[in-house]
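Trainee: I am attaching a structure below and will ask some questions about it afterwards.
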């Protein structure tokens, strides 16, 4: 029946009614906080392009993770800034590497925290690319060597697993790396360790602030020869299918908001847990607009995360994880949550 017998506004009339019929739910346990480990002690170096985000020495990183855990966030994604870089990123698999040290410290201090270790080399190589480079007379013509990089990813995965990672998350976009990492982990006796594959990772302009945070900007060229073309959706499904075949336990889409169509398509096709990375540029835009008074940060953050959940994500990597957890706990008011909207906002 149509109007006036049917009135869609009936169930929107009060906060209690809206909460009762809400279709998509967001919980703090579904959020993952990215953290950047750096050398030193007592270090909390702010990232200029991401207000509230820091490069932390291991001791301060543990404190930050503990505060996030107390707020309800149960998982972190770890990146490292090594003491030294070289052409192949060998610090990535050193027993005393920066992320390895962070994993051990977190394991001691926060045994209930899920520790996800990012697997890549852009932070560790002196050229800023995600793996071993081929040789060429003109250095500008050098490319990332897929198979040589995969061999090093195996070494990095085993090292991080030994240091206490709960999940291995390859983000490099090399072909065949999920199967190779699975075989290497199994051979090392880590058959129980899951792989969260960055299955659909685009060569995106939204990564700029991350490159400041991780010190990972390439010294020449860009990453379009191995990260995906933003125009390609069918190719994204092929990438995901190959990772599922190779043994991925979870799949990720990165970035999140510009690619919700692909996240929804993955959800329809597979029952594996799906992650989405609400990346640095997405977060930085919210912060910058809020600083200028153009947006309500709390409200738009929650709206963004709900949209990512509605599209099919089971977990969301976001720099706003602690902010969102506190909103969900009722410490702040969000228009998408229970209660009344903030003063001055639309009802």
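The values are calculated or read from the model by the stated rules, or taken from the named source; none is laboratory data. These numbers were taken from a predicted model, which means no experiment stands behind them. Cβ atoms come from the backbone with ideal geometry, glycine included; neighbour counts cover every protein chain shown.
Trainee: Please indicate, with yes or no, whether at least one residue in segment 244-252 is touching a residue at least 12 places away in the same chain (Cβ under 8 Å), buried (at least 24 other Cβ atoms within 10 Å of the Cβ), under 26 Å from residue 319 (Cβ atoms) and out of contact with any helix residue (DSSP H, G or I) (no Cβ under 9 Å at 6 or more places or on another chain).
Mentor: yes
Trainee: Separate question: Right, residue 175: in contact with a helix residue (DSSP H, G or I) (Cβ under 7 Å, 6 or more places away or on another chain), at pLDDT 95 or above, closer than 26 Å to residue 277 by Cα and surrounded by fewer than 17 Cβ atoms within 10 Å (Cβ to Cβ) or not? Step through it out loud before you land on a result.
Mentor: Details: in contact with a helix residue (DSSP H, G or I) (Cβ under 7 Å, 6 or more places away or on another chain): yes; at pLDDT 95 or above: yes; closer than 26 Å to residue 277 by Cα: yes; surrounded by fewer than 17 Cβ atoms within 10 Å (Cβ to Cβ): yes.
Yes.
Trainee: On the basis of being closer than 21 Å to residue 25 by Cα, in contact with a strand residue (DSSP E or B) (Cβ under 8 Å, 6 or more places away or on another chain) and buried (at least 17 other Cβ atoms within 10 Å of the Cβ), does residue 309 make the cut? Please lay out each step first, then the result.
Mentor: On the way: closer than 21 Å to residue 25 by Cα: yes; in contact with a strand residue (DSSP E or B) (Cβ under 8 Å, 6 or more places away or on another chain): yes; buried (at least 17 other Cβ atoms within 10 Å of the Cβ): yes.
Yes: the conditions hold for residue 309.
Trainee: Also: Mind telling me which of the residues 211, 268, 238 ends up being touching a helix residue (DSSP H, G or I) at 6+ places or on another chain (Cβ under 9 Å), assigned to a helix (DSSP H, G or I) and either surrounded by fewer than 22 Cβ atoms within 10 Å (Cβ to Cβ) or at pLDDT 95 or above (or both)? Let's see the steps before the verdict.
Mentor: Details: 268 fails: touching a helix residue (DSSP H, G or I) at 6+ places or on another chain (Cβ under 9 Å); 238 fails: touching a helix residue (DSSP H, G or I) at 6+ places or on another chain (Cβ under 9 Å).
Every option except 211 fails the conditions.
Trainee: Could you list, in sequence order, the residues of segment 192-208 that are touching a helix residue (DSSP H, G or I) at 6+ places or on another chain (Cβ under 7 Å) and assigned to a loop (DSSP other than H, G, I, E, B)?
Mentor: 193
Trainee: Here's something else I'd like to know. Within segment 278-329, track down each residue that is free of Cβ contacts under 8 Å to residues at least 40 places away in the same chain and either within 12 Å of residue 256 (Cα to Cα) or not in a helix (DSSP H, G or I) (or both).
Mentor: If the condition is that a residue be free of Cβ contacts under 8 Å to residues at least 40 places away in the same chain and either within 12 Å of residue 256 (Cα to Cα) or not in a helix (DSSP H, G or I) (or both), then 292, 293, 294, 295 are the ones that fit.
Trainee: Would it be correct to say that residue 40 is at positive phi and either modelled with pLDDT of 95 or more or more than 18 Å from the chain's Cα centre (by Cα) (or both)? First the steps, then the outcome.
Mentor: Numbers: at positive phi: yes; either modelled with pLDDT of 95 or more or more than 18 Å from the chain's Cα centre (by Cα) (or both): yes.
Yes, satisfied.
Trainee: Sticking with this one: Sort out which residues of segment 243-265 are within 22 Å of residue 33 (Cβ to Cβ) and in a helix (DSSP H, G or I), and write them in order of number.
Mentor: Hits for segment 243-265 are 257, 258, 259, 260, 263.
Trainee: When only residues in segment 42-65 that are outside any loop (DSSP other than H, G, I, E, B) and touching a helix residue (DSSP H, G or I) at 6+ places or on another chain (Cβ under 7 Å) count, which is surrounded by the fewest Cβ atoms within 10 Å (Cβ to Cβ)? It would help to see each step written out before you state the result.
Mentor: So in segment 42-65, the residues outside any loop (DSSP other than H, G, I, E, B) come out as 44-46, 54-56, 58-65.
Checking the rest, the ones that are also touching a helix residue (DSSP H, G or I) at 6+ places or on another chain (Cβ under 7 Å) come to 44, 55-56, 58, 61-62, 65.
Details: 44: 15, 55: 24, 56: 23, 58: 21, 61: 25, 62: 20, 65: 24.
Across segment 42-65, the extreme among qualifying residues is 44.
Trainee: Can you tell me which residue within segment 84-142, out of those that are without any contact (Cβ under 8 Å) to a residue 40 or more places away in the chain and under 30 Å from residue 28 (Cα atoms), is surrounded by the most Cβ atoms within 10 Å (Cβ to Cβ)?
Mentor: Only one residue fits best here, namely 108.
Trainee: Another one. Determine whether segment 272-280 contains at least one residue that is under 27 Å from residue 250 (Cβ atoms), modelled with pLDDT of 95 or more, out of contact with any strand residue (DSSP E or B) (no Cβ under 8 Å at 6 or more places or on another chain) and buried (at least 23 other Cβ atoms within 10 Å of the Cβ). Step through it out loud before you land on a result.
Mentor: Quick first cut of segment 272-280, residues under 27 Å from residue 250 (Cβ atoms) only: 272-280.
Cutting the leftovers down to modelled with pLDDT of 95 or more gives us 272-280.
From the residues that got through so far, the ones that are out of contact with any strand residue (DSSP E or B) (no Cβ under 8 Å at 6 or more places or on another chain) too are 280.
From what's left, buried (at least 23 other Cβ atoms within 10 Å of the Cβ): 280.
Yes.
Trainee: Search segment 214-235 for residues being under 18 Å from residue 125 (Cα atoms) and surrounded by 14 or more Cβ atoms within 10 Å (Cβ to Cβ), and hand back the single one that is modelled with the lowest pLDDT.
Mentor: Here is the first cut: in segment 214-235, the residues under 18 Å from residue 125 (Cα atoms) are 214-227.
Checking which are surrounded by 14 or more Cβ atoms within 10 Å (Cβ to Cβ) leaves us with 214-216, 218, 221, 223, 226-227.
Numbers: 214: 85, 215: 81, 216: 84, 218: 83, 221: 75, 223: 84, 226: 90, 227: 92.
Only one residue tops the list, namely 221.
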